[in-house]
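The values are calculated or read from the model by the stated rules, or taken from the named source; none is laboratory data. All figures in this text were calculated on a predicted structure; none of them were measured in a lab. Quick reminder, even Gly has a Cβ in these numbers, built from the backbone with ideal geometry, and neighbours come from all protein chains shown. With ligands, DNA and RNA removed, areas are computed over all heavy atoms of the protein, side chains included. Shrake-Rupley method; radii C 1.70, N 1.55, O 1.52, S 1.80 Å.
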Amino acid sequence: MREVVREVVGEVAPDETVLVDGLLRIDDERAVARLRGRGRAREPLGFGVQEVTALVTPVVWLALDEAARKVAGAAVDNVGRRSKAWLRRVARRPAAVRVVPPLTAEQLESVRQRVLELGAESGLASETASALAERVVARLVLPPPRRELAQEGGDGGSGEPGPEA
C-alpha cells in the first residue's frame, strides 16, 4: 500500500513526496490517524491538519487504507484489535504494514468512488479528484514498474540472453 501511495503521489503531486516520506517513518495506524486529524498533540511533520486536508496524499492513503481493511476482513471485533495492539506493545514489535491485495472490478470501483469522495471533502477540484481516482485505480490494476531489471548482472539489464547465447 505504501508503495502505491508513494508512486501515485510522486506522479500526481511530486511536491508532496516530503509528506509521504515523513508518514512512511511511522506505522500505518499512526499515519492514518494523523491524516484523519487524530493525534494532533505532537505533529512530527511540523504542520497542522488544516494544511493537510487540501493535499492529495491523505486522499490516496485513506482510500487505500480503507480498501485494504475491507479486503483483509478488518471486521475483527474491537476486543481482537485491542488485544493485538496490547500484544504488539508488550512484544515491542512494530505494526504490520498494510497490503492491498489484487482487487475485483467491484472493489476497484469502490476505491475509485472513495477517492472521489475524499477528494471532494478535502477541497480538490472535481477534475483533479477524477484524475487522481483514475490514477489510483490504474496503479492498482497495473504491476509496479520494474526498476530492478536495470540493476541485474552483466546482460545490460534487458533480461534477455545476449546475441552470443
Determine, yes or no, whether ALA150 is assigned to a helix (DSSP H, G or I) and either at positive phi or modelled with pLDDT of 60 or more (or both).
no
Filter region 110-120 for residues that are free of Cβ contacts under 8 Å to residues at least 24 places away in the same chain and open to solvent by 50 Å² or more (accessible area, probe 1.4 Å) and give the result.
GLN113, GLU117, ALA120
At pLDDT below 95 and in contact with a Pro (Cβ under 9 Å, 6 or more places away or on another chain), is that true of SER122?
yes
Out of PRO14, PRO44, I need the residue that is modelled with pLDDT under 90 and open to solvent by 60 Å² or more (accessible area, probe 1.4 Å). Which one?
PRO44
Filter region 17-27 down to residues that are in contact with a helix residue (DSSP H, G or I) (Cβ under 7 Å, 6 or more places away or on another chain) and under 11 Å from ARG2 (Cβ atoms) and give me whichever is surrounded by the most Cβ atoms within 10 Å (Cβ to Cβ).
LEU23
Matching residues in region 10-30 (in contact (Cβ under 8 Å) with a residue 60 or more places away in the chain and of a type outside the set (D, E, K, R)) number 1
